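Written out below as structure tokens is the structure these notes cover.
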Amino acid sequence: MDAFYDSVEQRDNPELRGKPVIVAWQSKRSVVCAASYEARSFGVHSAMPAVRAKRLCQHAIFIAPDFTRYRAVSENVREIFKRHTDLIEPLSLDEAYLDVSQNRTGLPTAMLVAKTIREQIRQDVNLTASAGIAPNKFLAKLASDWWKPDGLFVIQQEEVDSFLLPLPVGRMPGVGKLTEEKLSKLGIRTVSELRGLELQQLEQEFGRYGVRLYELARGIDESPVVPDRPTKSISVEDTFEHDVPLAETEHMIRRLAEKLWSASRKESRVARTVILKLKTSEFKIITRSYTPSSPPSSCEELIEIALRLRERVDLDPKRRYRLLRVGLANFREAEETTGQPALFE
């Protein structure tokens, strides 16, 4: 989906159309959830601090996110996908992989399927979507970003090298800034140069991820489209308006644990492990976890465990914290969670 959160806001409020819209809470610690293409022209992008976005685009319109509404629209889009295939792997509310090798509508090519889906999204949801078509997920992801917004781009098998080799390594999904910097120190800036490295050297430099880089540089991605991927973890977090001492975090832990418990009720499986994560004012991450003999059976029990995890953090009166997260992990089927020993970390 194109600038999904902002597009929903502009669709539902005609006065916002054609204007720079930034979906974010307006506070000193907030980050941009999404930026319209009008705002992006000023250099604003998601995950940017909201205060910086305001400096870059002073006349931007800030709107607090409404995830309930975004989820509802996302479900509408997913219903359109289901008209064509059951092999749908959601990545987020606004992005998914579809395997249309066999499709319900009997359309002869992936391009026709993509065109049909995009037109149905336009008609039924009144939003635009971009599509990438390729022999595998890695290349399809690259292609989907190529002609945004409202674009469609195809990479045929015989075109993989001509498309892939000139690209900067930073354009490859999964290659973040740290990996890009490390490759740059090795003299690697393009995919063509990356392909010149031997597998052994990549493994020495990047461990198991070196194998992945070796394959991606050759356009290889054997990972299938996996529908209904099981949840590994869920969490909720908040960044404080001002850094606070540990002793003042109880109300936040309680509030986040309540939100987390409500979110966990939507899962068919249960989580065995409770996680508390704190970020200090110096950006140091502190994590504590606990795996009880049986999963938390109530919101009150979850709160109690989270507060006990806080007690295991060094109570330095001078230390201040800027972020707090409460999470659940280690999801299992209900029958697998009985009779397990308790584990602290």
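The values are calculated or read from the model by the stated rules, or taken from the named source; none is laboratory data. On a predicted model such as this, the values are computed, not experimentally measured, just so you know. Positions of Cβ are generated from backbone atoms using ideal geometry, with glycine treated the same way; all protein chains shown enter the neighbour counts.
Of the residues in the stretch 237-282, how many are closer than 30 Å to LYS137 by Cβ and exposed (fewer than 12 other Cβ atoms within 10 Å of the Cβ)?
2
Consider ILE234 carefully, then state whether it is under 30 Å from ASN330 (Cα atoms) and in contact with a helix residue (DSSP H, G or I) (Cβ under 7 Å, 6 or more places away or on another chain).
Yes, satisfied.
Would you be able to say whether some residue in the stretch 80-101 is part of a helix (DSSP H, G or I), within 26 Å of GLN10 (Cβ to Cβ) and in contact with a helix residue (DSSP H, G or I) (Cβ under 8 Å, 6 or more places away or on another chain)?
Yes, the stretch 80-101 has at least one match.
Only residues that are touching a Ser or Thr at 6+ places or on another chain (Cβ under 9 Å) and either in contact (Cβ under 8 Å) with a residue 60 or more places away in the chain or β-branched (Val, Ile, Thr) (or both): list them for the stretch 98-125, please.
LEU98, ASP99, VAL100, THR105, VAL113, THR116, ILE121, listed by residue number.
So which of GLN10, GLN26 ends up being assigned to a helix (DSSP H, G or I), of a type in the set (S, T, N, Q), in contact with a helix residue (DSSP H, G or I) (Cβ under 9 Å, 6 or more places away or on another chain) and not assigned by TED's automatic domain parsing to the domain that holds THR239?
Going through GLN10, GLN26 in turn, the sole match is GLN10.
Among the residues of the stretch 307-335, count how many are in contact (Cβ under 8 Å) with a residue 24 or more places away in the chain and within 23 Å of SER268 (Cβ to Cβ).
9
Checking the condition in contact (Cβ under 8 Å) with a residue 12 or more places away in the chain, more than 30 Å from GLN10 (Cα to Cα), surrounded by 15 or more Cβ atoms within 10 Å (Cβ to Cβ) and in contact with a Gly (Cβ under 9 Å, 6 or more places away or on another chain), which residue from ILE188, ILE234 passes?
ILE188
Select from the stretch 293-306 the residues that are more than 28 Å from the chain's Cα centre (by Cα) and either aromatic (Phe, Trp, Tyr) or part of a helix (DSSP H, G or I) (or both) and write down the one among them that is nearest to ARG269 (Cα to Cα).
By that ranking, first place goes to GLU301.
Could you check the stretch 293-321 and list, in sequence order, the residues that are more than 21 Å from ASP238 (Cα to Cα) and in contact with a helix residue (DSSP H, G or I) (Cβ under 7 Å, 6 or more places away or on another chain)?
PRO296
Restricting to helices (runs of 4 or more DSSP H) lying wholly in the stretch 187-292: which have 3 or more residues that are closer than 19 Å to LEU315 by Cβ?
Passing ranges, in order: 250-264.
Report whether or not LYS177 is within 23 Å of the chain's Cα centre (by Cα), free of Cβ contacts under 8 Å to residues at least 12 places away in the same chain and farther than 30 Å from MET111 by Cα.
So LYS177 fits the description; yes.
Could we say that ALA53 is assigned to a helix (DSSP H, G or I), farther than 24 Å from ARG118 by Cβ and among the small types (Gly, Ala, Ser) here?
Yes; evaluated as a whole, the condition is true for this residue.
Identify the single condition in (1) surrounded by 16 or more Cβ atoms within 10 Å (Cβ to Cβ); (2) under 20 Å from the mean Cα position of the chain (by Cα) that ILE63 does not satisfy, given that it satisfies every other one.
Single failed check for ILE63: (2).
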